[in-house]
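Everything on this sheet refers to the single structure shown next.
The values are calculated or read from the model by the stated rules, or taken from the named source; none is laboratory data. These numbers were taken from a predicted model, which means no experiment stands behind them. Reconstructed Cβ throughout: ideal geometry from the backbone, glycine too, with neighbour counts over all protein chains shown.
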Amino acid sequence: MPYSLWIASPFAVELGAIALTIVTLSCLALLLLLTIQALKRTRSAVDWVSRYSHTQLQHLPDLGSYPRLFVLLPALEEQAIVPATLDHFSRLTSPFLCIEIVVVTSNLENVRREQFATQISGPTTANLVDAWAAQNPAARVRRLHDPDFGGSKATKLAFATSVLLNTESKSDSSRIVFAVYDFDSRPSANTFTEYLARFNSEIPAPVVQQVPHPIGMEIDALRSPSLSRLFAIGHLERSLGLETHHYREVDAASVHTHRALRGCMGAGLFIRADTLMMAGNFPPDSDDIRLGYRLDLLGIKRETLASPNWVQPPPNIFALFKQLRRIYGGVYSSFTEVRLFLTANPHLRASTPFARAVRRHVQDAAIGGRTCLFGLLVATAYAGQPISIATALSFFAWGTQAFAFYLVVTQARKFSIRLNHPVQLRLSPCEWLLGPFVRGALQMIFPISYIGGRLWAREDIRTGIGKTPRLFAAAGQPFNATNRRNDGPE
(Lines give C-alpha, C1' and ligand atoms only; values in the text may rest on other atoms or scores of the structure.)
Protein backbone atom coordinates (compact mmCIF):
# COMPACT_ATOMS: atom_id res chain seq x y z
CA MET A 1 0.00 0.00 0.00
CA PRO A 2 1.37 3.45 -0.91
CA TYR A 3 2.46 5.49 2.10
CA SER A 4 -0.07 8.29 1.41
CA LEU A 5 -2.97 5.83 1.31
CA TRP A 6 -1.80 4.07 4.48
CA ILE A 7 -1.70 7.40 6.34
CA ALA A 8 -5.29 8.08 5.31
CA SER A 9 -6.57 4.59 6.19
CA PRO A 10 -8.92 4.13 9.18
CA PHE A 11 -6.41 1.80 10.81
CA ALA A 12 -3.66 4.44 10.75
CA VAL A 13 -6.05 7.09 12.10
CA GLU A 14 -7.14 4.79 14.93
CA LEU A 15 -3.51 3.88 15.69
CA GLY A 16 -2.61 7.57 15.82
CA ALA A 17 -5.48 8.28 18.22
CA ILE A 18 -4.33 5.44 20.48
CA ALA A 19 -0.75 6.76 20.42
CA LEU A 20 -1.96 10.27 21.31
CA THR A 21 -4.03 8.85 24.17
CA ILE A 22 -1.03 6.95 25.52
CA VAL A 23 1.13 10.10 25.34
CA THR A 24 -1.59 12.17 27.05
CA LEU A 25 -2.06 9.70 29.92
CA SER A 26 1.70 9.24 30.28
CA CYS A 27 2.18 13.03 30.55
CA LEU A 28 -0.57 13.22 33.14
CA ALA A 29 0.90 10.38 35.21
CA LEU A 30 4.42 11.82 35.06
CA LEU A 31 3.12 15.30 35.88
CA LEU A 32 1.34 13.99 38.98
CA LEU A 33 4.40 11.98 40.04
CA LEU A 34 6.78 14.95 39.74
CA THR A 35 4.32 17.23 41.54
CA ILE A 36 3.83 14.85 44.47
CA GLN A 37 7.60 14.35 44.76
CA ALA A 38 8.21 18.12 44.78
CA LEU A 39 5.55 18.71 47.44
CA LYS A 40 6.95 15.95 49.67
CA ARG A 41 10.44 17.45 49.46
CA THR A 42 9.12 20.94 50.19
CA ARG A 43 7.12 19.79 53.21
CA SER A 44 10.07 17.78 54.55
CA ALA A 45 12.38 20.80 54.22
CA VAL A 46 9.94 23.13 56.01
CA ASP A 47 9.62 20.68 58.90
CA TRP A 48 13.41 20.23 59.16
CA VAL A 49 14.16 23.95 59.07
CA SER A 50 11.41 24.73 61.59
CA ARG A 51 12.70 22.01 63.93
CA TYR A 52 16.42 22.68 63.80
CA SER A 53 16.83 26.39 63.09
CA HIS A 54 16.50 27.42 66.75
CA THR A 55 19.94 26.24 67.83
CA GLN A 56 21.12 27.76 71.09
CA LEU A 57 24.59 27.68 72.61
CA GLN A 58 24.37 26.11 76.05
CA HIS A 59 27.64 27.79 76.99
CA LEU A 60 30.28 29.82 75.21
CA PRO A 61 33.40 27.73 74.54
CA ASP A 62 36.86 29.22 74.91
CA LEU A 63 37.49 31.79 72.19
CA GLY A 64 40.40 29.67 71.00
CA SER A 65 37.96 27.00 69.83
CA TYR A 66 36.26 29.42 67.41
CA PRO A 67 37.59 30.17 63.93
CA ARG A 68 38.32 33.67 62.72
CA LEU A 69 35.15 34.46 60.77
CA PHE A 70 34.87 37.28 58.22
CA VAL A 71 31.38 38.21 56.97
CA LEU A 72 31.92 39.51 53.42
CA LEU A 73 29.36 41.99 52.06
CA PRO A 74 30.13 43.13 48.48
CA ALA A 75 28.39 46.46 47.85
CA LEU A 76 27.59 48.58 44.81
CA GLU A 77 25.27 51.59 45.13
CA GLU A 78 23.55 50.25 48.23
CA GLN A 79 22.93 53.66 49.79
CA ALA A 80 19.26 52.95 50.45
CA ILE A 81 19.95 49.97 52.71
CA VAL A 82 23.40 50.61 54.25
CA PRO A 83 22.10 51.40 57.79
CA ALA A 84 19.55 48.55 57.77
CA THR A 85 22.08 45.98 56.53
CA LEU A 86 24.86 46.92 58.96
CA ASP A 87 22.39 47.15 61.86
CA HIS A 88 21.14 43.65 61.09
CA PHE A 89 24.53 41.97 60.72
CA SER A 90 26.07 43.75 63.69
CA ARG A 91 23.16 42.64 65.86
CA LEU A 92 23.70 39.01 64.82
CA THR A 93 27.48 39.03 65.22
CA SER A 94 27.89 41.20 68.35
CA PRO A 95 27.98 38.26 70.83
CA PHE A 96 30.99 36.73 69.06
CA LEU A 97 34.34 38.50 69.22
CA CYS A 98 35.72 36.19 66.54
CA ILE A 99 33.44 37.65 63.85
CA GLU A 100 34.21 40.75 61.81
CA ILE A 101 32.00 42.35 59.14
CA VAL A 102 33.85 43.36 55.97
CA VAL A 103 32.09 45.57 53.41
CA VAL A 104 33.77 45.48 50.00
CA THR A 105 33.31 48.47 47.69
CA SER A 106 35.01 49.17 44.37
CA ASN A 107 35.99 51.92 41.95
CA LEU A 108 33.08 51.05 39.68
CA GLU A 109 30.73 53.18 41.77
CA ASN A 110 33.07 56.17 41.43
CA VAL A 111 33.38 55.65 37.68
CA ARG A 112 29.62 55.47 37.23
CA ARG A 113 29.22 58.59 39.33
CA GLU A 114 31.73 60.52 37.22
CA GLN A 115 30.32 59.42 33.87
CA PHE A 116 26.64 59.68 34.76
CA ALA A 117 26.67 62.48 37.32
CA THR A 118 23.17 63.62 36.41
CA GLN A 119 21.75 60.24 37.44
CA ILE A 120 23.80 59.45 40.55
CA SER A 121 24.36 61.96 43.34
CA GLY A 122 24.72 62.16 47.11
CA PRO A 123 27.05 60.15 49.33
CA THR A 124 28.57 56.96 48.01
CA THR A 125 28.11 53.56 49.60
CA ALA A 126 31.67 53.82 50.92
CA ASN A 127 30.87 57.19 52.56
CA LEU A 128 27.82 55.78 54.32
CA VAL A 129 29.61 52.62 55.47
CA ASP A 130 32.48 54.66 56.90
CA ALA A 131 30.07 57.02 58.64
CA TRP A 132 28.12 54.11 60.14
CA ALA A 133 31.33 52.42 61.34
CA ALA A 134 32.50 55.68 62.94
CA GLN A 135 29.21 56.01 64.80
CA ASN A 136 29.29 52.35 65.92
CA PRO A 137 32.94 51.62 66.85
CA ALA A 138 32.00 48.52 68.86
CA ALA A 139 30.36 46.83 65.86
CA ARG A 140 33.62 45.44 64.35
CA VAL A 141 32.92 46.66 60.82
CA ARG A 142 35.65 47.50 58.34
CA ARG A 143 35.60 48.43 54.68
CA LEU A 144 37.92 47.26 51.91
CA HIS A 145 38.04 49.11 48.59
CA ASP A 146 38.74 47.14 45.41
CA PRO A 147 40.64 49.31 42.90
CA ASP A 148 39.24 47.27 40.00
CA PHE A 149 37.02 49.29 37.65
CA GLY A 150 35.00 46.16 36.82
CA GLY A 151 33.86 45.73 40.37
CA SER A 152 31.71 42.60 39.97
CA LYS A 153 30.76 40.63 43.05
CA ALA A 154 33.27 37.91 42.21
CA THR A 155 36.19 40.32 41.80
CA LYS A 156 35.30 42.06 45.06
CA LEU A 157 35.27 38.73 46.90
CA ALA A 158 38.57 37.58 45.39
CA PHE A 159 40.17 40.91 46.30
CA ALA A 160 38.84 40.84 49.88
CA THR A 161 39.91 37.26 50.56
CA SER A 162 43.42 37.97 49.27
CA VAL A 163 43.79 41.08 51.45
CA LEU A 164 42.42 39.35 54.54
CA LEU A 165 44.63 36.30 54.11
CA ASN A 166 47.65 38.59 53.80
CA THR A 167 46.77 40.35 57.04
CA GLU A 168 46.14 36.98 58.73
CA SER A 169 49.23 35.33 57.22
CA LYS A 170 50.41 34.04 60.60
CA SER A 171 47.10 32.27 61.23
CA ASP A 172 46.23 28.73 60.22
CA SER A 173 44.10 29.08 57.06
CA SER A 174 41.96 26.16 58.19
CA ARG A 175 40.96 28.35 61.16
CA ILE A 176 39.78 31.21 58.95
CA VAL A 177 36.24 31.14 57.57
CA PHE A 178 34.62 33.46 55.03
CA ALA A 179 30.85 33.94 55.17
CA VAL A 180 29.55 35.45 51.93
CA TYR A 181 26.26 37.37 51.73
CA ASP A 182 24.48 39.70 49.35
CA PHE A 183 24.05 43.19 50.73
CA ASP A 184 20.28 42.77 50.95
CA SER A 185 20.53 39.41 52.75
CA ARG A 186 18.81 39.12 56.10
CA PRO A 187 20.04 35.87 57.72
CA SER A 188 17.87 34.68 60.58
CA ALA A 189 18.76 35.46 64.18
CA ASN A 190 20.36 32.09 64.94
CA THR A 191 22.58 31.89 61.87
CA PHE A 192 25.99 32.45 63.46
CA THR A 193 24.94 30.74 66.67
CA GLU A 194 24.07 27.59 64.71
CA TYR A 195 27.30 27.68 62.73
CA LEU A 196 29.57 28.26 65.73
CA ALA A 197 27.67 25.72 67.84
CA ARG A 198 29.21 23.03 65.65
CA PHE A 199 32.59 23.83 67.19
CA ASN A 200 31.31 22.71 70.61
CA SER A 201 31.36 19.05 69.72
CA GLU A 202 32.83 18.55 66.26
CA ILE A 203 34.68 20.16 63.42
CA PRO A 204 32.16 21.28 60.79
CA ALA A 205 32.56 20.56 57.10
CA PRO A 206 34.88 22.85 55.12
CA VAL A 207 31.81 24.25 53.35
CA VAL A 208 28.52 25.00 55.09
CA GLN A 209 25.69 26.37 52.97
CA GLN A 210 22.86 28.49 54.30
CA VAL A 211 20.01 28.40 51.79
CA PRO A 212 18.68 31.78 50.58
CA HIS A 213 14.90 32.00 50.36
CA PRO A 214 13.61 34.85 48.12
CA ILE A 215 10.66 35.84 50.28
CA GLY A 216 12.22 38.70 52.20
CA MET A 217 9.74 41.16 53.69
CA GLU A 218 10.01 43.45 50.67
CA ILE A 219 8.09 40.87 48.63
CA ASP A 220 4.85 42.34 49.99
CA ALA A 221 5.88 45.78 48.62
CA LEU A 222 6.00 44.51 45.03
CA ARG A 223 3.19 45.52 42.72
CA SER A 224 0.39 43.06 42.12
CA PRO A 225 0.32 41.24 39.77
CA SER A 226 4.08 40.90 39.75
CA LEU A 227 6.19 38.49 37.71
CA SER A 228 9.04 38.96 40.19
CA ARG A 229 6.86 37.95 43.10
CA LEU A 230 5.46 34.90 41.33
CA PHE A 231 8.95 33.78 40.36
CA ALA A 232 10.14 34.26 43.96
CA ILE A 233 7.32 32.10 45.30
CA GLY A 234 7.95 29.50 42.61
CA HIS A 235 11.65 29.54 43.45
CA LEU A 236 10.78 28.68 47.04
CA GLU A 237 9.91 25.18 45.81
CA ARG A 238 13.47 24.88 44.56
CA SER A 239 15.14 26.46 47.60
CA LEU A 240 13.26 24.12 49.93
CA GLY A 241 12.82 20.96 47.88
CA LEU A 242 16.17 20.85 46.10
CA GLU A 243 18.66 23.17 47.81
CA THR A 244 17.56 22.26 51.35
CA HIS A 245 16.02 18.77 51.29
CA HIS A 246 17.88 17.05 48.43
CA TYR A 247 21.27 18.69 49.01
CA ARG A 248 21.04 17.72 52.69
CA GLU A 249 20.42 14.11 51.63
CA VAL A 250 23.51 14.27 49.40
CA ASP A 251 25.54 15.74 52.28
CA ALA A 252 24.53 12.82 54.50
CA ALA A 253 25.34 10.14 51.91
CA SER A 254 28.60 8.30 52.48
CA VAL A 255 29.25 8.14 48.73
CA HIS A 256 28.02 10.87 46.39
CA THR A 257 30.69 10.96 43.71
CA HIS A 258 28.13 10.02 41.05
CA ARG A 259 25.50 12.57 42.10
CA ALA A 260 24.71 15.68 40.07
CA LEU A 261 27.13 18.58 40.37
CA ARG A 262 25.89 21.25 42.76
CA GLY A 263 26.43 24.97 42.61
CA CYS A 264 27.08 27.02 45.71
CA MET A 265 24.81 29.91 46.66
CA GLY A 266 26.64 33.17 47.25
CA ALA A 267 24.11 34.47 49.77
CA GLY A 268 24.88 32.42 52.87
CA LEU A 269 28.07 30.53 51.98
CA PHE A 270 30.49 29.61 54.79
CA ILE A 271 33.79 28.36 53.40
CA ARG A 272 37.16 27.75 55.03
CA ALA A 273 40.06 29.75 53.61
CA ASP A 274 42.20 26.71 52.85
CA THR A 275 39.32 25.10 50.95
CA LEU A 276 38.66 28.28 48.98
CA MET A 277 42.30 28.52 47.95
CA MET A 278 42.30 24.85 46.98
CA ALA A 279 39.44 25.62 44.59
CA GLY A 280 41.31 28.58 43.11
CA ASN A 281 39.39 31.35 44.93
CA PHE A 282 36.12 32.74 43.55
CA PRO A 283 35.83 32.29 39.76
CA PRO A 284 35.96 35.75 38.16
CA ASP A 285 32.73 35.41 36.20
CA SER A 286 30.61 33.54 38.76
CA ASP A 287 31.24 33.83 42.46
CA ASP A 288 29.08 30.94 43.61
CA ILE A 289 27.72 28.45 41.08
CA ARG A 290 31.00 27.60 39.34
CA LEU A 291 32.74 27.47 42.71
CA GLY A 292 30.26 24.76 43.72
CA TYR A 293 31.15 22.71 40.66
CA ARG A 294 34.82 22.92 41.59
CA LEU A 295 34.12 21.83 45.17
CA ASP A 296 32.21 18.77 43.98
CA LEU A 297 34.99 17.85 41.53
CA LEU A 298 37.45 18.10 44.42
CA GLY A 299 35.20 15.91 46.59
CA ILE A 300 34.88 18.57 49.33
CA LYS A 301 32.36 17.69 52.03
CA ARG A 302 29.48 20.11 52.56
CA GLU A 303 26.76 20.62 55.15
CA THR A 304 23.50 22.56 55.13
CA LEU A 305 22.59 25.16 57.74
CA ALA A 306 19.03 24.95 59.03
CA SER A 307 18.68 28.67 59.76
CA PRO A 308 17.33 30.36 56.62
CA ASN A 309 18.68 33.42 54.86
CA TRP A 310 15.93 35.77 53.71
CA VAL A 311 16.76 37.60 50.48
CA GLN A 312 14.72 40.20 48.64
CA PRO A 313 13.15 39.45 45.24
CA PRO A 314 14.02 41.69 42.27
CA PRO A 315 11.79 44.79 42.31
CA ASN A 316 10.63 44.54 38.70
CA ILE A 317 10.68 42.36 35.60
CA PHE A 318 13.79 44.05 34.15
CA ALA A 319 15.78 43.39 37.33
CA LEU A 320 14.43 39.82 37.40
CA PHE A 321 15.66 39.08 33.88
CA LYS A 322 19.03 40.69 34.60
CA GLN A 323 19.45 38.57 37.73
CA LEU A 324 18.38 35.36 36.02
CA ARG A 325 20.78 35.92 33.13
CA ARG A 326 23.65 35.99 35.62
CA ILE A 327 22.37 32.92 37.49
CA TYR A 328 21.84 30.81 34.39
CA GLY A 329 25.18 32.01 33.05
CA GLY A 330 26.66 30.09 35.98
CA VAL A 331 24.27 27.14 35.69
CA TYR A 332 24.99 26.53 32.00
CA SER A 333 28.73 26.86 32.51
CA SER A 334 28.95 23.37 34.03
CA PHE A 335 30.53 21.62 31.02
CA THR A 336 32.98 24.47 30.44
CA GLU A 337 33.94 24.54 34.11
CA VAL A 338 34.45 20.76 34.26
CA ARG A 339 36.69 20.86 31.20
CA LEU A 340 38.74 23.88 32.29
CA PHE A 341 39.11 22.84 35.93
CA LEU A 342 40.14 19.27 35.16
CA THR A 343 42.57 20.52 32.50
CA ALA A 344 44.15 22.88 35.02
CA ASN A 345 44.25 20.10 37.65
CA PRO A 346 45.29 16.94 35.76
CA HIS A 347 45.99 15.13 39.04
CA LEU A 348 42.26 15.02 39.79
CA ARG A 349 40.42 11.82 39.01
CA ALA A 350 36.85 13.08 39.27
CA SER A 351 34.22 10.38 38.81
CA THR A 352 32.10 10.72 35.61
CA PRO A 353 32.33 14.54 35.66
CA PHE A 354 30.43 15.23 32.43
CA ALA A 355 27.67 12.77 33.33
CA ARG A 356 27.32 14.59 36.66
CA ALA A 357 27.03 17.89 34.75
CA VAL A 358 24.21 16.38 32.68
CA ARG A 359 22.44 15.26 35.86
CA ARG A 360 22.80 18.81 37.15
CA HIS A 361 20.81 20.18 34.21
CA VAL A 362 18.18 17.43 34.36
CA GLN A 363 17.71 18.11 38.06
CA ASP A 364 17.57 21.86 37.54
CA ALA A 365 14.94 21.52 34.78
CA ALA A 366 12.37 19.69 36.90
CA ILE A 367 10.02 22.66 37.34
CA GLY A 368 10.35 23.68 33.70
CA GLY A 369 9.76 20.03 32.79
CA ARG A 370 6.38 20.10 34.50
CA THR A 371 5.39 23.10 32.41
CA CYS A 372 6.51 21.29 29.25
CA LEU A 373 4.55 18.20 30.26
CA PHE A 374 1.44 20.30 30.81
CA GLY A 375 1.79 21.90 27.37
CA LEU A 376 2.33 18.50 25.71
CA LEU A 377 -0.62 17.03 27.58
CA VAL A 378 -2.96 19.79 26.39
CA ALA A 379 -1.72 19.53 22.79
CA THR A 380 -2.08 15.74 22.55
CA ALA A 381 -5.40 15.75 24.40
CA TYR A 382 -7.01 18.16 21.93
CA ALA A 383 -5.39 16.35 18.99
CA GLY A 384 -6.58 12.87 19.94
CA GLN A 385 -9.65 13.24 22.15
CA PRO A 386 -13.12 14.73 21.89
CA ILE A 387 -13.18 18.38 22.95
CA SER A 388 -15.09 17.66 26.17
CA ILE A 389 -12.60 15.01 27.33
CA ALA A 390 -9.61 17.10 26.27
CA THR A 391 -10.95 20.10 28.18
CA ALA A 392 -11.60 17.98 31.26
CA LEU A 393 -8.07 16.55 31.16
CA SER A 394 -6.55 20.01 30.67
CA PHE A 395 -8.50 21.49 33.59
CA PHE A 396 -7.58 18.54 35.79
CA ALA A 397 -3.89 18.93 34.95
CA TRP A 398 -4.03 22.68 35.56
CA GLY A 399 -5.92 22.05 38.81
CA THR A 400 -3.19 19.78 40.12
CA GLN A 401 -0.56 22.44 39.41
CA ALA A 402 -2.72 25.20 40.88
CA PHE A 403 -3.26 23.13 44.03
CA ALA A 404 0.48 22.47 44.27
CA PHE A 405 1.14 26.20 43.90
CA TYR A 406 -1.43 26.92 46.62
CA LEU A 407 0.33 24.47 48.95
CA VAL A 408 3.71 26.13 48.25
CA VAL A 409 2.23 29.57 49.07
CA THR A 410 0.68 28.14 52.25
CA GLN A 411 3.98 26.52 53.22
CA ALA A 412 5.77 29.81 52.58
CA ARG A 413 3.42 31.67 54.91
CA LYS A 414 3.74 29.07 57.65
CA PHE A 415 7.48 28.84 57.09
CA SER A 416 7.96 32.59 57.51
CA ILE A 417 5.69 32.83 60.56
CA ARG A 418 7.39 29.94 62.37
CA LEU A 419 10.74 31.66 61.89
CA ASN A 420 9.57 35.12 63.01
CA HIS A 421 9.77 36.58 59.51
CA PRO A 422 6.08 36.90 58.58
CA VAL A 423 5.18 37.70 54.98
CA GLN A 424 1.57 38.03 53.80
CA LEU A 425 1.87 36.89 50.16
CA ARG A 426 -1.57 38.17 49.20
CA LEU A 427 -2.07 37.15 45.57
CA SER A 428 -4.46 38.52 42.99
CA PRO A 429 -6.69 36.21 40.88
CA CYS A 430 -4.34 36.76 37.94
CA GLU A 431 -1.39 35.63 40.05
CA TRP A 432 -3.24 32.52 41.19
CA LEU A 433 -4.06 31.75 37.55
CA LEU A 434 -0.52 32.19 36.18
CA GLY A 435 1.52 31.30 39.26
CA PRO A 436 1.73 27.53 38.71
CA PHE A 437 3.63 27.97 35.44
CA VAL A 438 5.56 31.25 35.67
CA ARG A 439 8.82 29.82 36.94
CA GLY A 440 8.71 26.86 34.58
CA ALA A 441 8.04 29.11 31.60
CA LEU A 442 10.93 31.42 32.50
CA GLN A 443 13.17 28.42 32.98
CA MET A 444 12.51 27.38 29.38
CA ILE A 445 13.25 30.90 28.11
CA PHE A 446 16.63 31.30 29.73
CA PRO A 447 18.65 28.81 27.70
CA ILE A 448 17.87 31.10 24.75
CA SER A 449 18.72 34.17 26.81
CA TYR A 450 21.98 32.55 27.88
CA ILE A 451 23.00 31.90 24.27
CA GLY A 452 22.11 35.48 23.37
CA GLY A 453 24.10 36.78 26.32
CA ARG A 454 27.15 34.80 25.18
CA LEU A 455 26.86 36.20 21.66
CA TRP A 456 25.94 39.79 22.51
CA ALA A 457 27.26 41.09 25.82
CA ARG A 458 24.84 43.63 27.30
CA GLU A 459 26.53 44.62 30.55
CA ASP A 460 28.76 47.66 30.75
CA ILE A 461 29.58 50.46 33.16
CA ARG A 462 26.12 51.98 32.78
CA THR A 463 24.24 48.81 33.70
CA GLY A 464 26.49 48.25 36.68
CA ILE A 465 28.02 44.92 35.65
CA GLY A 466 24.87 43.04 36.52
CA LYS A 467 23.72 45.39 39.25
CA THR A 468 20.22 44.55 40.52
CA PRO A 469 18.35 47.59 41.89
CA ARG A 470 16.87 47.46 45.38
CA LEU A 471 13.53 48.48 46.75
CA PHE A 472 13.38 51.53 48.99
CA ALA A 473 11.17 49.78 51.54
CA ALA A 474 14.21 48.88 53.64
CA ALA A 475 14.96 52.59 54.01
CA GLY A 476 11.40 53.33 55.10
CA GLN A 477 10.38 54.82 51.73
CA PRO A 478 7.46 53.52 49.66
CA PHE A 479 8.31 51.90 46.36
CA ASN A 480 7.09 53.49 43.17
CA ALA A 481 8.34 54.13 39.68
CA THR A 482 9.58 57.64 40.44
CA ASN A 483 11.81 56.97 43.44
CA ARG A 484 13.45 53.76 42.21
CA ARG A 485 17.16 54.35 41.77
CA ASN A 486 18.14 54.76 38.14
CA ASP A 487 20.50 51.98 37.15
CA GLY A 488 20.63 52.91 33.51
CA PRO A 489 19.06 50.87 30.74
CA GLU A 490 17.94 47.43 31.73
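As an exercise: evaluate Thr463 against (1) in contact with a helix residue (DSSP H, G or I) (Cβ under 8 Å, 6 or more places away or on another chain); (2) of a type in the set (S, T, N, Q); (3) at pLDDT 80 or above and give the number of the one condition it does not meet.
Checking Thr463 against (1) in contact with a helix residue (DSSP H, G or I) (Cβ under 8 Å, 6 or more places away or on another chain); (2) of a type in the set (S, T, N, Q); (3) at pLDDT 80 or above, the one that fails is (3).
Quick check on my filter: what residues within the stretch 192-231 are modelled with pLDDT of 85 or more and closer than 16 Å to Phe415 by Cα?
Selection gives Gln210, Val211, Pro212, His213, Pro214.
Which of the residues spanning the stretch 165-181 are more than 26 Å from the chain's Cα centre (by Cα) and of a type in the set (A, V, I, L, M, F, W, C)?
Answer for the stretch 165-181, where residues must be more than 26 Å from the chain's Cα centre (by Cα) and of a type in the set (A, V, I, L, M, F, W, C): just Leu165.
Which residues, taken from the stretch 279-315, are surrounded by fewer than 20 Cβ atoms within 10 Å (Cβ to Cβ) and not small (Gly, Ala, Ser)?
Once the filter is applied, which keeps residues that are surrounded by fewer than 20 Cβ atoms within 10 Å (Cβ to Cβ) and not small (Gly, Ala, Ser), the stretch 279-315 yields Asn281, Pro284, Asp285, Leu298, Ile300, Lys301, Glu303.
Give the stretch 343-364 a look and list any residue that's under 22 Å from Ile36 (Cα atoms) and either in contact with a helix residue (DSSP H, G or I) (Cβ under 8 Å, 6 or more places away or on another chain) or free of Cβ contacts under 8 Å to residues at least 40 places away in the same chain (or both), or say none.
Arg360, His361, Gln363, Asp364
So which residues in the stretch 426-443 are of a type outside the set (Gly, Ala, Ser) and either modelled with pLDDT of 80 or more or surrounded by fewer than 17 Cβ atoms within 10 Å (Cβ to Cβ) (or both), if there are any at all?
If the condition is that a residue be of a type outside the set (Gly, Ala, Ser) and either modelled with pLDDT of 80 or more or surrounded by fewer than 17 Cβ atoms within 10 Å (Cβ to Cβ) (or both), then Arg426, Leu427, Pro429, Cys430, Glu431, Trp432, Leu433, Leu434, Pro436, Phe437, Val438 are the ones that fit.
Condition first: among the β-branched types (Val, Ile, Thr) and in contact (Cβ under 8 Å) with a residue 40 or more places away in the chain. Now tell me which residues in the stretch 168-211 satisfy that.
Residues satisfying the conditions are Ile176, Val177, Val180, Thr191, Thr193, Val207, Val208, Val211.
Quick check on the stretch 182-192. Is at least one of its residues in a helix (DSSP H, G or I) and within 25 Å of the chain's Cα centre (by Cα)?
Checking the stretch 182-192: at least one residue is in a helix (DSSP H, G or I) and within 25 Å of the chain's Cα centre (by Cα).
Pairs, please: C-beta under 8 Å, at least 6 apart or cross-chain, first residue acidic (Asp, Glu) and crowded, with 20+ Cβ neighbours inside 10 Å and in the stretch 95-115, second at pLDDT 90 or above and outside any strand (DSSP E or B)?
Listed pairs, sorted by first residue: Glu109/Thr125; Glu109/Ala126.
Return a yes/no flag: does the stretch 132-152 have any residue that is at positive phi and without any contact (Cβ under 8 Å) to a residue 60 or more places away in the chain.
Within the stretch 132-152 (the criterion being at positive phi and without any contact (Cβ under 8 Å) to a residue 60 or more places away in the chain), the answer is yes, since at least one residue qualifies.
Being in contact with a Gly (Cβ under 7 Å, 6 or more places away or on another chain), part of a loop (DSSP other than H, G, I, E, B) and either buried (at least 22 other Cβ atoms within 10 Å of the Cβ) or among the small types (Gly, Ala, Ser) (or both) is the requirement here; does Arg262 meet it?
Taking the combined requirement at face value, the residue satisfies it.
Only one of (1) more than 30 Å from Ile219 (Cα to Cα); (2) assigned to a helix (DSSP H, G or I) is not met by Gln323, so which one is it?
(1)
Take the stretch 365-401 and flag every residue that is farther than 30 Å from Glu14 by Cα and out of contact with any helix residue (DSSP H, G or I) (no Cβ under 6 Å at 6 or more places or on another chain).
Within the stretch 365-401, Ala365, Ala366 qualify.
When you go through (1) out of contact with any Gly (no Cβ under 7 Å at 6 or more places or on another chain); (2) within 16 Å of Asp184 (Cα to Cα) one by one for His246, which number turns out not to apply?
Evaluating His246 over (1) out of contact with any Gly (no Cβ under 7 Å at 6 or more places or on another chain); (2) within 16 Å of Asp184 (Cα to Cα) leaves (2) as the failure.
Within the stretch 210-251, take every residue that is under 17 Å from the mean Cα position of the chain (by Cα) and among the hydroxyl-bearing types (Ser, Thr, Tyr) and give me the one that is surrounded by the most Cβ atoms within 10 Å (Cβ to Cβ).
Restricting to residues being under 17 Å from the mean Cα position of the chain (by Cα) and among the hydroxyl-bearing types (Ser, Thr, Tyr), the top hit is Thr244.
Across the stretch 147-171, what is the total count of residues that are out of contact with any Asp or Glu (no Cβ under 7 Å at 6 or more places or on another chain) and modelled with pLDDT of 90 or more?
Final tally of qualifying residues: 8.
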